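K.L.:
Here it is, the structure in full.
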Amino acid sequence: MNSISRRIAEELGVREQQVNATVELLDEGATVPFIARYRKEITGSLDDSQLRNLEERLRYLRELEDRRATILKSIEEQGKLTDELKATIQDADTKNRLEDLYLPYKPKRRTKAQIAREAGLEPLADALYDDPTLDPETTAQGYLNKEAGVEDTKAALDGARYILMERFAEDAELLGSLIGYEALVEEPAQEWIAGALGPLGALVPDGAGTGFGDTRTCSHLRACAQPTSCGGRRPWTSSVIETGSPSLSGACTQTTTQSQC
C-alpha cells in the first residue's frame, strides 16, 4: 500500500499522509462527495477533483498489482520465471505493458504457428527473417513434408508466416515501440508486417489477424506492402526486422526510392 500511496502522492503533487488518510476513508465506504465536503480536516483539504483522481488511480494501481501477482505466479508455475523476467514484470507500470510481457507465457489454445513449428517450419521462418534476399519459393522446397501436411511451397510459406506473425505479436518491446509512434493511427498493423516481411509479406492476406489489438501503423506503409515496378518485389528495410523497432519515415523513404528503380 505504501508504494501505491507514494506513487499517487507524487502524481497528484500532495503529501503521502493525505493519500493514506483518504484511502482509509474510501476503504471504509465513504464517497468522494462526502469526503470533499465533510472530511477536509482529515484529507488536508483535498478538493473534489483531486479526490476523484485519487480514487481512480487507487483502483487502477490495485488492479495492476493484483494482476502482476497473478502473472508472476502463472509464469513461476510454468518454470519459466527468470530473475530478469521477474524484474521486468515488477517494473511494468501499466496494465498494457504487463499484458504484453505475459503474452508469450499466457496459456493458449493450439495455434497455427504451433502447428507449423511441429511441422518443422520454424527454420524456414528464421531463414527468411534473417536473409530477405532469399527466394521464398526456392527456400521452401527444402521444407516440404507430406507426412506433416506440408505438401507444397505455399503450405510451407504459410506456416513460416504464421510463426513470424505470432512472434511479432508476442514481442513486448516491439509492441511498445509501435505504440510509441504518434503516426500509428490509421492502418492495421498487418500492413506493416506485410511490408516488413519483404518477399514473405506477399503471402499475407488482406485483413488477416495478427493479435496486435489496437496497434495501428501509418498509411504510407500501405505502399511498402504493395508490389512495385521492380519485378513485382515488395520493398522493405532490413533494419525494421533486425532491430525490432521500425523507423517509419525511413521505411517509407526507402520504399519511394526503390519503387522508382
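K.L.:
Taking amide H positions as placed 1.01 Å from N in the peptide plane, with prolines and chain starts having none, which residues 5 or more places from V150, or on another chain, fall under 5 Å of its amide H?
P.N.:
N145
K.L.:
Now, a different point. What order do you get for 41-49, 75-83, 116-124 when each peptide is scored by the mean count of other beta carbon atoms within 10 Å, highest first?
P.N.:
Packing order, densest peptide first, comes out as 116-124, 41-49, 75-83.
K.L.:
Arranged from highest to lowest average of other beta-carbon atoms within 10 Å per residue, in what order do the peptides 154-160, 102-108, 169-175 appear?
P.N.:
154-160, 169-175, 102-108
K.L.:
In whole Hz, with x marking every Gly and Pro, tabulate ³J(HN,Hα) for segment 22-33 from phi via Karplus 6.51 cos²θ - 1.76 cosθ + 1.60, θ = phi - 60°.
P.N.:
My calculation for segment 22-33 gives 5, 4, 4, 5, 4, 5, 7, x, 5, 8, 4, x Hz in order.
K.L.:
Another one. Sticking with the crude label model, points 7 Å out along Cα→Cβ, report the distance from R39 to R59 in nm, one decimal please.
P.N.:
Placing both labels 7 Å beyond Cα along the Cβ direction yields 1.6 nm.
K.L.:
Checking the table K86/K108; K73/K108; K108/K146; K106/K146 against a 23 Å threshold on Cα-Cα, which pairs fail?
P.N.:
Going by Cα-Cα distance, K108/K146; K106/K146 fall outside the 23 Å limit.
No value in this document is a laboratory result; all are computed from the given coordinates. Since the structure is predicted, the reported quantities are computational estimates derived from the model, not experimental observations. Using ideal geometry, Cβ is built from the backbone for each residue, glycine included, and neighbour counts are taken over all protein chains shown.
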